[in-house]
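The values are calculated or read from the model by the stated rules, or taken from the named source; none is laboratory data. As the structure is a prediction and not an experimental result, all values here were calculated from the model. For neighbour counting, all protein chains shown are included, and Cβ atoms are generated from backbone atoms with ideal geometry for every residue, glycine included.
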Amino acid sequence: MATLRISVPFGRLLTGSRGAERVCFRARTQPQPDTPLQPLPQPSAVRLLCRWLSSEAAESRSSEMKKPTFMDEEVQSILIKMTGLNLEKIFKPAVQELKPPTYKLMTQAQLEEATRKAIEAAKVRLKMPPVLEERTPINDVLAEDKILEGIETAKYVFTDISYNIPHRERFIVVREPSGTLRKASWEERDRMIQVYFPKEGRRILPPLIFKEENLKTMYSRDRHVDVLNLCVAQFEPDSTEYIKVHHQTYEDIDKHGKYDLLRSTRHFGGMAWYFVNKKKIDGLLIDQIQRDLLDDATSLVQLYHMLHPDGQSAQEAKEQAAEGVNLIKVFANTEAQKGAYIELTLQTYQEAFMSSHSAAS
Amino acid sequence: MRYGLRRGPRVSHLRLRAGARRLTRSLAAGEGLDAAEGGGAARASAWRRRCALRAAFLRCAGVSTGPLSLQGTRDSRCFTSLSHALQTQCCISPPTSRSGQQYTPYSFFTKLTADELWKGALAETGAGARKGRGKRSKKKRRKDLNRGQVIGEGRSGFLWPGLNAPLMRNGAMQTIAQRSKEEQEQVAADMLQQREEWDRNRRMKVKRERGWSGNTWGGLSLGPPDPGPNGETYEDFDTRILEVRNVFNMTAKDGRKRSVRVLVAVGNGQGAAGFAIGKATERVDAFRKAKNKAIHYLHYIERYEDHTIFHDISLRYKRTHIKMKKQPRGYGLRCHRAIITICRLIGIKDMYVKVSGSVNMLNLTRGLFHGLSRQETHQQLADKKGLHVVEFREECGPLPILVASPRGALRKDPEPEEEVPDIRLDWEEVKATQGMKRSIWSDLKRAST
């Protein structure tokens, strides 16, 4: 019986580390209520099982710590640092009805105060949109009523429009002309929710700008930021189109080396995360070194090592305990595709640095 | 005058038409010969005359060395023999076949020069022309009636080598020939058509550029001012007329004496502009005087980012109230048409100006320049107050843009800010903001800039 009881939480062991801990605890405590009827059922076996479970949990815990998510504080801090804070670019004049500007006479302290407030507003604007896994399609059929077949010629969509339900938990079902009652697919759900609860900036049908040729035109005009903003407004973060458009944009940026377009925008973090996951950080590294952003380059390599600790460069870096420029050199030597380019840019940067130093002194 | 002969020789024959179209006819002996053609009785004498004329002609032609060109080197000596021959030999007799138009070879019109005749016909001087009594529709235009005349061309269509036919052909001297009747008719018809075309072109009205509206001189450009005596040119300056007015003065001798007064503004579009008035009896002279005077009275007007003023200005100059408002890029000039012209010359592209009270053009211009010259730039304001001048734009969010810092000391204590600002409100503006203004002219869509 104990085994029976343990088997239920055993199945849930693979879901998460927290769950494993709880399971472990429950596995120890569960046999106790049964004691009046029977003697303790092999506590050693239970203890062994517990230890195995805890070790499993520990392993999964450590493996999970080795695999950081997008929302981890460390990762976020690195990405925010890399994004930069160029106030002129963040508060670029928006295309809107213009009004004449107002002027204020300020002391130095007031000016600094105003700048600080602007920086805070900028940080709010730079909040990164979430990076999620692609959602699994819904294929749930609720009822099959053959009696209704052929009566209607169109599909009927029934949406629950009660106000205080989160959109993710809303019931939206579709009655097909063939009589089947099924849950609406993700696209249908998004459309219906936009019809009844319109969100600003989102259209019911996706705009034509997301077609291939139009996207290409936008890329050729260096308007990647506008594309990404529209995408964030239109699609849910875990929808296929959202992920596809984002990946396409990142690929185009990588192909042409236009990393600076996204710097000081809220999409830079997502782009860096994508490149690190795909192990394609060479172009970004070169761009950062060329713009004299060595700290950003080192933090990018650190992030890479955080995400791929089993790789060659991570191991070597840990052995050498490399810091700063050496870290980048280690990466360039081991896992980079364009290692030669990275080293060359590093060399030119260091030469320029030395010459500027000597000129200064 | 092409030939060495007098414009209205007494020998020349004329044909009187409606309106005295031709005062002189060509010297062509063709007339005399024409006269001779028709009459049968005088044929013998005509023949004799013709031979004599021909002889005189050939002698004349033979006198000069080398081939005579049709156009030039018509020495009067050459033709004196011919004219003498004509004078003595030709008898002035009208053709028997009347072509329907009166033809008087010797009359009042042949006794005077063209200038004298035209002076009489046009009547430019006289009591009617003085004191502005002349009507615009009664003004006649002088026409050169000798235009298109070739010595040698006549009604009978003789071809005189050297005059209306080439003198030499393949090295051989040509003889006097005559065109056929059809050819002559064709030539006459061509000439008529050509004359009518000239008349039509003369009557066509030259299109004058339109200023603020048709028939007004405001807004028209006079081009750059004339170069100065020391060689300075003002090619980048453009002048625009603001007002043209006929003013009168009572004199002792002539009574009402008319004079034209012109107000003109010049500017180069980069901040340098000025205005002046010029007065003269003739309009053209007044334009010139004003233009050249204005270039000596230039103001330099500071502009913010080369498209608008630094701050709102409201002033009263004599009885003209002007309220100028700073506007962002793309707003255009929404002002009085004269102010639009002046702002274009200065280089201001976006501004709103409301003019109330008197709209006297001179006072308006003077008030405008007065107000614009006394603007306070951001740098001057910063220096005066000893504080940073910071700009906040709606489209840029909360970003503070530092526009000017004081060059001297920076003050530590902030500017005192009251809850209720101590400014004088304008009732018209308050009505507009509160929505109490019921005017059909507000928010009217006008032409851009």
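Name the single residue that is farthest from the chain's Cα centre (by Cα) among those in region B:327-346 being surrounded by 19 or more Cβ atoms within 10 Å (Cβ to Cβ) and within 14 Å of chain A (Cβ to nearest Cβ).
B:Q327
Residue by residue through region A:167-207, note down the ones that are of a type in the set (F, W, Y) and surrounded by 15 or more Cβ atoms within 10 Å (Cβ to Cβ).
Within region A:167-207, just A:W186 meets the criteria.
So, in region B:158-197, of the ones that are in contact (Cβ under 8 Å) with a residue 40 or more places away in the chain and polar (S, T, N, Q), which residue ends up surrounded by the most Cβ atoms within 10 Å (Cβ to Cβ)?
Restricting to residues being in contact (Cβ under 8 Å) with a residue 40 or more places away in the chain and polar (S, T, N, Q), the top hit is B:N164.
Looking only at region A:111-126, how many residues end up being more than 9 Å from chain B (Cβ to nearest Cβ) and out of contact with any Lys or Arg (no Cβ under 6 Å at 6 or more places or on another chain)?
Within region A:111-126, residues that are more than 9 Å from chain B (Cβ to nearest Cβ) and out of contact with any Lys or Arg (no Cβ under 6 Å at 6 or more places or on another chain) number 6.
Only one of B:E185, B:E282, B:E232, B:E209 is under 30 Å from B:N164 (Cα atoms) and not small (G, A, S); which?
Step by step, each of B:E185, B:E282, B:E232, B:E209 is checked, and only B:E185 is under 30 Å from B:N164 (Cα atoms) and not small (G, A, S).
Please go through region B:404-423 and give me each residue that is touching a residue at least 24 places away in the same chain (Cβ under 8 Å), surrounded by fewer than 16 Cβ atoms within 10 Å (Cβ to Cβ) and more than 7 Å from every other protein chain (Cβ to nearest Cβ), ordered by number.
Listed by number, the residues that qualify are B:R407, B:G408.
So is A:Y349 part of a helix (DSSP H, G or I), modelled with pLDDT under 90 and surrounded by 15 or more Cβ atoms within 10 Å (Cβ to Cβ) or not?
Yes.
Just give me the residues in region B:110-138 being over 30 Å from B:D190 (Cβ atoms), surrounded by 11 or more Cβ atoms within 10 Å (Cβ to Cβ) and within 23 Å of the chain's Cα centre (by Cα), in sequence order.
B:E124, B:A129, B:G134
Condition test on B:S137, is it modelled with pLDDT under 90 and under 30 Å from B:K253 (Cβ atoms)?
yes
Out of A:A122, A:A109, A:A114, A:A143, which single residue is more than 30 Å from B:D383 (Cβ to Cβ) and out of contact with any helix residue (DSSP H, G or I) (no Cβ under 8 Å at 6 or more places or on another chain)?
Numbers: A:A122 fails: out of contact with any helix residue (DSSP H, G or I) (no Cβ under 8 Å at 6 or more places or on another chain); A:A109 fails: more than 30 Å from B:D383 (Cβ to Cβ); A:A114 fails: more than 30 Å from B:D383 (Cβ to Cβ).
Unique residue meeting the criteria: A:A143.
Give, as residue ranges, the strands (runs of 3 or more DSSP E) completely inside region B:216-278 that count at least 3 residues that are without any contact (Cβ under 8 Å) to a residue 60 or more places away in the chain and touching a Lys or Arg at 6+ places or on another chain (Cβ under 8 Å).
In region B:216-278, B:238-251, B:255-267 are the strands (runs of 3 or more DSSP E) which contain 3 or more residues that are without any contact (Cβ under 8 Å) to a residue 60 or more places away in the chain and touching a Lys or Arg at 6+ places or on another chain (Cβ under 8 Å).
Could you check, for region B:389-403, whether at least one of its residues is under 35 Å from the mean Cα position of the chain (by Cα), closer than 26 Å to A:V95 by Cβ and within 12 Å of chain A (Cβ to nearest Cβ)?
No: region B:389-403 contains no residue that is under 35 Å from the mean Cα position of the chain (by Cα), closer than 26 Å to A:V95 by Cβ and within 12 Å of chain A (Cβ to nearest Cβ).
Here is a list: B:A252, B:A273. Which entry is crowded, with 16+ Cβ neighbours inside 10 Å and over 18 Å from B:R288 (Cβ atoms)?
Of the residues listed, the single one that is crowded, with 16+ Cβ neighbours inside 10 Å and over 18 Å from B:R288 (Cβ atoms) is B:A273.
Filter region A:96-144 for residues that are of a type outside the set (A, V, I, L, M) and closer than 20 Å to A:Q234 by Cα and give the result.
Within region A:96-144, the first condition is being of a type outside the set (A, V, I, L, M), and the residues that meet it are A:96-97, A:99-104, A:107-108, A:110, A:112-113, A:115-117, A:120, A:123, A:125, A:127, A:129-130, A:133-137, A:139-140, A:144.
The answer is A:R125, A:K127, A:P129, A:P130, A:E133, A:E134, A:R135, A:T136, A:P137.
From the set of residues in region B:304-322 that are more than 14 Å from chain A (Cβ to nearest Cβ) and not β-branched (V, I, T), which is surrounded by the most Cβ atoms within 10 Å (Cβ to Cβ)?
By that ranking, first place goes to B:Y317.
From B:H370, B:H378, which residue is touching a residue at least 40 places away in the same chain (Cβ under 8 Å) and at the interface with chain A (Cβ under 9 Å from one of its Cβ atoms)? Working first, answer last.
Values: B:H370 fails: at the interface with chain A (Cβ under 9 Å from one of its Cβ atoms).
The match here is B:H378.
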